[in-house]
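Chemist: Pasting a structure below so you can have a look.
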Protein chains: 2
Amino acid sequence: MGECTVSEFDEGTAVVRRPDEAAGTTAGTMAATTSVFDAELDKGWQIGGGINGGLLLSLAARAVGEHFAAAGASHPYPVSVSGYYVSASRPGPAELRVETVRTARSHSTGQASLLQADDEGLPLERLRVLAHFGDLARADEDVRTSATPPQLPPVEQCIGTEHAPPEFLASANLLERIDLRLDPAYVGWALGKPSGEGRLQGWLRLADGRESDPLSLLFALDALPPVTFDLGLFGWTPTVELTAHIRALPAPGWLRVTHSTRNLAGGYLEEDCEIWDSRDRLVAQSRQLAVVPR
Amino acid sequence: MGECTVSEFDEGTAVVRRPDEAAGTTAGTMAATTSVFDAELDKGWQIGGGINGGLLLSLAARAVGEHFAAAGASHPYPVSVSGYYVSASRPGPAELRVETVRTARSHSTGQASLLQADDEGLPLERLRVLAHFGDLARADEDVRTSATPPQLPPVEQCIGTEHAPPEFLASANLLERIDLRLDPAYVGWALGKPSGEGRLQGWLRLADGRESDPLSLLFALDALPPVTFDLGLFGWTPTVELTAHIRALPAPGWLRVTHSTRNLAGGYLEEDCEIWDSRDRLVAQSRQLAVVPR
């Protein structure tokens with residue numbers, strides 16, 4: 001990546017503010033401050049029928065962050081972000097409407113709606129997001145953690161995604177944007193022998209070398225193949241809700257990412273993700289609720 | 001509880017729709033359907049400085065559910081609910097503004113804002129909520145779970161909350177509304193010897209005998225003392241975000257509730273909760289992000 005080149009991730013999550021356009025008043029707050037942004041959903045981030053849910057969460061968080069920055073808030077980083085996915089997004093133009101929920105001492109809290117035009121040109125919501133922004137750079141250094149980083153074989157002993165099911169690869173453009181090396185202990189599904197444990201883990205970085213930051217961690221939390229592969233379920237598992245917590249600013253280098261599920265029931269499963277950075281710090285956690293493949 | 005008596009929980013989460021009042025247009029959707037409700041936050045649900053966060057989440061979900069029911073939606077139960085807490089609520093009147101985000105085949109998705117008047121009588125937001133509603137009664141019966149219910153001593157060998165720190169009990173009215181029996185293995189903190197593991201677990205039911213349903217599970221996910229007691233931290237741990245997933249309709253009887261944390265860092269901790277019902281089914285899961293006591 002040349003010094004003056006914009007990374008694929010930053011290009012994919014770029015938002016352009018519409019000057020002097022307020023998004024209207026809102027049900028939730030009196031005299032809410034609002035912003036409207038335009039974005040382009042690039043097909044390079046496609047997975048299955050739509051754009052990757054993690055990329056959309058990063059995009060929405062970027063819009064919220066720019067909205068707060070323009071208002072002079074001193075809370076530059078997403079701390080907690082919840083996405084409610086309500087329809088499948090497609091490559092093409094998108095609009096983001098952002099409003100301030102509340103600005104307080106510790107957090108600035110915002111809401112974003114991501115919309116695209118439907119077949120008749122009417123705005124159709126794809127994703128509704130709530131987010132707390134804070135200042136992770138000023139975080140308390142007291143760490144008492146019983147969580148331990150995953151034990152992974154060295155990067156060169158892990159394997160790429162070329163062994164994923166062909167029907168998965170056929171609609172997974174985003175795999176070209178990431179460098180993912182999966183732990184061989186949990187890729188038996190590629191040979192027809194899933195472990196049944198409900199786990200996937202591996203090394204991850206962006207393919208063009210862009211280092212991680214809180215925004216790219218939001219994407220990384222949803223970048224691996226679905227954990228249902230390890231249960232022998234190869235269909236599509238649409239995310240209905242994903243909540244991410246960014247727990248620390250990530251150090252440069254490879255990320256270690258784990259996905260696991262403990263309860264597939266009633267047509268849903270939860271998928272928990274953890275991301276550890278190169279200095280063994282737990283930098284992000286998420287849980288998503290997804291629909292079980294039929 | 002007499003047959004015609006309203007339970008304390010249902011009284012505490014009652015909402016009264018304002019006739020023919022729309023909450024205004026919204027930033028997120030075109031021509032959003034909106035409702036406004038009035039509620040009363042009863043001091044009986046107080047804990048520390050404010051009203052219990054789980055009770056507020058139940059209250060907001062009840063308003064969203066009534067909003068959808070009035071619109072004829074066939075999605076009666078909360079499946080996923082995320083609350084972003086932005087200021088501490090107080091006993092007294094509150095207003096709930098609810099809007100439809102989207103109604104689709106599997107889910108109806110809504111948003112709620114809970115507001116109270118500030119010292120000058122202006123509306124101040126306490127809590128912003130997103131929720132997917134669905135139909136848990138029609139859920140797929142396929143269950144593949146590796147999660148196992150907690151091993152608890154019998155109810156009569158567990159202990160009440162009378163041994164909690166006096167400063168906690170002094171502002172914990174809500175303990176009178178619940179029957180909570182904690183596992184002795186994780187109440188060493190009451191004797192000055194916290195286990196340090198970051199775990200609390202016990203049996204829980206509503207004191208007046210009201211059986212559980214998805215709405216009361218939202219409260220039960222945040223009804224135990226903070227898990228930080230088991231780390232020897234006895235200050236106040238305000239919730240900043242809580243996402244709950246209701247995974248099945250609960251059976252009657254005692255609930256088993258576990259709380260745990262694995263990562264206290266950067267001034268925050270996550271607190272994971274699971275609730276198991278009397279037929280050994282995992283009926284609810286949640287994670288909250290809370291502020292570490294100083």
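The values are calculated or read from the model by the stated rules, or taken from the named source; none is laboratory data. Treat the numbers as computed from the prediction; the structure is a model and nothing was measured. Cβ: placed from backbone, ideal geometry, glycine included. Neighbour counts: every protein chain shown.
Chemist: Which condition does B:SER87 not pass, out of (1) out of contact with any helix residue (DSSP H, G or I) (no Cβ under 9 Å at 6 or more places or on another chain); (2) surrounded by fewer than 24 Cβ atoms within 10 Å (Cβ to Cβ); (3) touching a residue at least 60 places away in the same chain (Cβ under 8 Å), if it passes all the others?
Modeler: Failed condition: (3).
Chemist: Out of B:ALA147, B:ALA131, report the one residue that is closer than 17 Å to B:ALA248 by Cα, in a strand (DSSP E or B) and either at pLDDT 95 or above or not basic (Lys, Arg) (or both). So that I can check it myself, show each step before the final result.
Modeler: Numbers: B:ALA147 fails: in a strand (DSSP E or B).
On inspection, the qualifying residue turns out to be B:ALA131.
Chemist: Being out of contact with any Gly (no Cβ under 8 Å at 6 or more places or on another chain) and hydroxyl-bearing (Ser, Thr, Tyr) is the filter; apply it to the range B:76-103 and report the residue that is nearest to B:GLU40 (Cα to Cα).
Modeler: Among those that are out of contact with any Gly (no Cβ under 8 Å at 6 or more places or on another chain) and hydroxyl-bearing (Ser, Thr, Tyr), it is B:SER87.
Chemist: While we're here: Restricting to the range A:245-285, give me the number of residues that are over 15 Å from A:GLN201 (Cβ atoms) and of a type in the set (Ser, Thr, Tyr).
Modeler: 2
Chemist: Moving on. Taking the range A:101-117 as the search range and keeping residues that are hydrophobic (A, V, I, L, M, F, W, C) and farther than 24 Å from B:HIS107 by Cα, which one is farthest from the other protein chains (Cβ to nearest Cβ)?
Modeler: Here the residue is A:ALA104.
Chemist: Only one of B:SER146, B:SER171 is surrounded by fewer than 21 Cβ atoms within 10 Å (Cβ to Cβ) and closer than 23 Å to B:PRO225 by Cα. Can you tell me which? It would help to see each step written out before you state the result.
Modeler: On the way: B:SER146 fails: closer than 23 Å to B:PRO225 by Cα.
The match here is B:SER171.
To keep it simple, each residue is scored yes or no on (1) hydroxyl-bearing (Ser, Thr, Tyr); (2) modelled with pLDDT under 95; (3) more than 18 Å from A:LEU182 (Cβ to Cβ); (4) over 18 Å from the mean Cα position of the chain (by Cα).
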residue	(1), (2), (3), (4)
A:LEU233	no, yes, no, yes
A:THR237	yes, yes, no, no
A:PRO250	no, no, yes, no
A:THR261	yes, no, no, no
A:SER278	yes, no, yes, yes
A:LEU289	no, no, yes, no
A:PRO293	no, yes, yes, yes
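Chemist: In the range B:252-261, which residue that is in a strand (DSSP E or B) and of a type in the set (S, T, N, Q) is farthest from the other protein chains (Cβ to nearest Cβ)? Write out each step before concluding.
Modeler: Step one: list which residues in the range B:252-261 are in a strand (DSSP E or B), which gives B:255-260.
From what's left, of a type in the set (S, T, N, Q): B:258, B:260.
Numbers: B:THR258: 13, B:SER260: 9 Å.
In this case the residue turns out to be B:THR258.
Chemist: In addition: Among the residues of the range A:129-143 satisfying the criterion of being crowded, with 20+ Cβ neighbours inside 10 Å and out of contact with any Gly (no Cβ under 6 Å at 6 or more places or on another chain), which is farthest from the other protein chains (Cβ to nearest Cβ)?
Modeler: Pass one, the range A:129-143, residues crowded, with 20+ Cβ neighbours inside 10 Å: A:129-134, A:136.
Pick out the ones that are also out of contact with any Gly (no Cβ under 6 Å at 6 or more places or on another chain) and you get A:130, A:132-134, A:136.
Values: A:LEU130: 5, A:HIS132: 6, A:PHE133: 11, A:GLY134: 9, A:LEU136: 7 Å.
Here the residue is A:PHE133.
Chemist: Among A:LEU269, A:LEU233, A:LEU255, which is the only one that is aliphatic (A, V, I, L, M) and surrounded by fewer than 21 Cβ atoms within 10 Å (Cβ to Cβ)? So that I can check it myself, show each step before the final result.
Modeler: Values: A:LEU269 fails: surrounded by fewer than 21 Cβ atoms within 10 Å (Cβ to Cβ); A:LEU255 fails: surrounded by fewer than 21 Cβ atoms within 10 Å (Cβ to Cβ).
Going through A:LEU269, A:LEU233, A:LEU255 in turn, just one is aliphatic (A, V, I, L, M) and surrounded by fewer than 21 Cβ atoms within 10 Å (Cβ to Cβ): A:LEU233.
Chemist: Now for a different question. Which of the residues that make up the range A:1-53 are within 14 Å of chain B (Cβ to nearest Cβ), modelled with pLDDT under 85, touching a Gly at 6+ places or on another chain (Cβ under 8 Å) and surrounded by fewer than 21 Cβ atoms within 10 Å (Cβ to Cβ)?
Modeler: A:THR25
Chemist: Pick from the range A:189-230 the residues that are among the hydroxyl-bearing types (Ser, Thr, Tyr) and assigned to a loop (DSSP other than H, G, I, E, B): which of them is surrounded by the most Cβ atoms within 10 Å (Cβ to Cβ)? If you could, list the steps in order and put the result at the bottom.
Modeler: First, pick out the residues of the range A:189-230 that are among the hydroxyl-bearing types (Ser, Thr, Tyr): A:195, A:212, A:216, A:228.
Of the ones still in play, those that are also assigned to a loop (DSSP other than H, G, I, E, B) are A:195, A:212.
Values: A:SER195: 16, A:SER212: 25.
Checking each candidate, the answer is A:SER212.
Chemist: I need the full set of residues from the range B:187-228 which are touching a helix residue (DSSP H, G or I) at 6+ places or on another chain (Cβ under 7 Å) and within 14 Å of chain A (Cβ to nearest Cβ), in order please.
Modeler: B:PRO194, B:SER195, B:GLY196, B:GLU197, B:GLY198, B:ARG199, B:PRO214, B:LEU221
Chemist: Which residues, counting only those in the range B:202-226, are free of Cβ contacts under 8 Å to residues at least 60 places away in the same chain and either in contact with a Cys (Cβ under 9 Å, 6 or more places away or on another chain) or assigned by TED's automatic domain parsing to the domain that holds B:THR13 (or both)?
Modeler: B:GLY202, B:TRP203, B:LEU224
Chemist: Name the residues in the range A:272-282 that are farther than 27 Å from A:GLY235 by Cβ and either within 9 Å of another protein chain (Cβ to nearest Cβ) or crowded, with 21+ Cβ neighbours inside 10 Å (or both), would you?
Modeler: The first filter runs over the range A:272-282 and keeps only residues farther than 27 Å from A:GLY235 by Cβ, leaving A:276-282.
Scanning the range A:272-282 gives A:TRP276, A:ASP277, A:ARG281, A:LEU282.
Chemist: Being of a type in the set (S, T, N, Q) and in the same structural domain as B:ILE178 (by TED's automatic domain parsing) narrows it down to one of B:THR145, B:THR161, so name that one. Quick ask: steps written out before the conclusion?
Modeler: Values: B:THR145 fails: in the same structural domain as B:ILE178 (by TED's automatic domain parsing).
Going through B:THR145, B:THR161 in turn, the sole match is B:THR161.
Chemist: Got a number for residues in the range B:118-128 being facing chain A (nearest Cβ under 9 Å) and assigned to a loop (DSSP other than H, G, I, E, B)?
Modeler: 1
Chemist: Here's something else I'd like to know. Filter the range A:150-175 down to residues that are among the polar types (S, T, N, Q) and part of a helix (DSSP H, G or I) and give me whichever is modelled with the lowest pLDDT.
Modeler: Taking the range A:150-175 and keeping what is among the polar types (S, T, N, Q), we get A:151, A:157, A:161, A:171, A:173.
This time we only want the ones that are part of a helix (DSSP H, G or I), so: A:157, A:161, A:173.
On the way: A:GLN157: 96, A:THR161: 82, A:ASN173: 88.
Checking each candidate, the answer is A:THR161.
Chemist: Can you tell me which of B:LEU264, B:LEU289 is free of Cβ contacts under 8 Å to residues at least 60 places away in the same chain and either within 11 Å of chain A (Cβ to nearest Cβ) or not hydroxyl-bearing (Ser, Thr, Tyr) (or both)?
Modeler: Values: B:LEU264 fails: free of Cβ contacts under 8 Å to residues at least 60 places away in the same chain.
After ruling out the rest, the residue left standing is B:LEU289.
Chemist: While we're looking at this one, here's another question. So in the range B:98-139, with the set limited to residues that are without any contact (Cβ under 8 Å) to a residue 24 or more places away in the chain and charged (D, E, K, R), which one is nearest to A:THR243 (Cα to Cα)? Talk me through it step by step, then tell me what you get.
Modeler: The first filter runs over the range B:98-139 and keeps only residues without any contact (Cβ under 8 Å) to a residue 24 or more places away in the chain, leaving B:104-105, B:113, B:115, B:118-122, B:138.
Those still in the list that are charged (D, E, K, R) too: B:105, B:118-120, B:138.
Details: B:ARG105: 23, B:ASP118: 30, B:ASP119: 33, B:GLU120: 35, B:ARG138: 25 Å.
Within the range B:98-139, the match that is nearest to A:THR243 (Cα to Cα) is B:ARG105.
Chemist: Taking A:THR237, is it of a type in the set (Val, Ile, Thr) and farther than 16 Å from A:LEU152 by Cβ?
Modeler: Numbers: of a type in the set (Val, Ile, Thr): yes; farther than 16 Å from A:LEU152 by Cβ: yes.
Spelling it out, A:THR237 is indeed of a type in the set (Val, Ile, Thr) and farther than 16 Å from A:LEU152 by Cβ.
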